[in-house]
Amino acid sequence: MEEYNAGGEGSFNPEEADVIVKECIESVVGADDYSQSQVNKWTASIVERCLTQLVKQGKPYKYIVTCAVMQKTGAGLHTANSCYWDTAMDGSSTVRWENRTMYCVVSVFAVAVA
């Protein structure tokens with residue numbers, strides 16, 4: 001997935017965020033099959049775990065995390081985002097994860113605290 005950051009010292013590191021997000025998704029969903037009754041719980045847990053782990057890094061950022069879970073049925077899923085911010089410090093990362101029955105798309109937006 002696409003990630004954006006100019007990459008300066010002390011700036012948001014999208015690769016670190018990707019690792020955190022993937023670990024959070026795996027710990028919440030793991031090898032489970034898609035279940036409509038579980039989606040609300042999964043998305044809330046993924047978002048909360050990602051935020052907790054990102055904040056634990058102790059970096060001076062405000063974070064926004066979004067999560068979408070979709071059953072694999074052959075239907076299309078298209079997402080987009082756009083940000084107007086300080087490209088030298090702020091950044092974003094989007095992770096697409098899947099297993100045999102579902103897709104999970106998580107976006108992280110990091111805005112430096114002034």
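Calculated accessible area for the chain comes out at 60 Å² per residue, all protein chains present (probe 1.4 Å; ligands, DNA, RNA ignored).
Ignoring any ligand, DNA or RNA, what whole percent of the accessible area of the chain comes from carbon and sulfur when the probe is 1.4 angstrom? The value for the chain is 49 percent carbon and sulfur by accessible area. Listed by chain and number, the lysines placed with their C-alpha closer than 26 angstrom to that of Lys56 are Lys22, Lys41; residues fewer than eight positions away on the same chain are left out. What angle do you read, to the nearest 10 degrees and between 0 and 90, between the alpha-carbon axis of helix 14-28 and the longest principal axis of the chain? Long axis of 14-28 versus the principal axis of the chain: about 30 degrees. With all distinct Cα pairs included, what does the Kirkwood hydrodynamic radius of the chain come out to in Å, to one decimal, could you say? Hydrodynamic radius (Kirkwood, Cα only) of the chain equals 14.6 Å. Compared with the dominant Cα axis of the chain, that is its longest principal axis, helix 39-56 is turned about 20°.
The values are calculated or read from the model by the stated rules, or taken from the named source; none is laboratory data. On a predicted model such as this, the values are computed, not experimentally measured, just so you know. Only protein heavy atoms, including side chains, enter the accessible area calculation; ligands, DNA and RNA are left aside. Shrake-Rupley method; radii C 1.70, N 1.55, O 1.52, S 1.80 Å.
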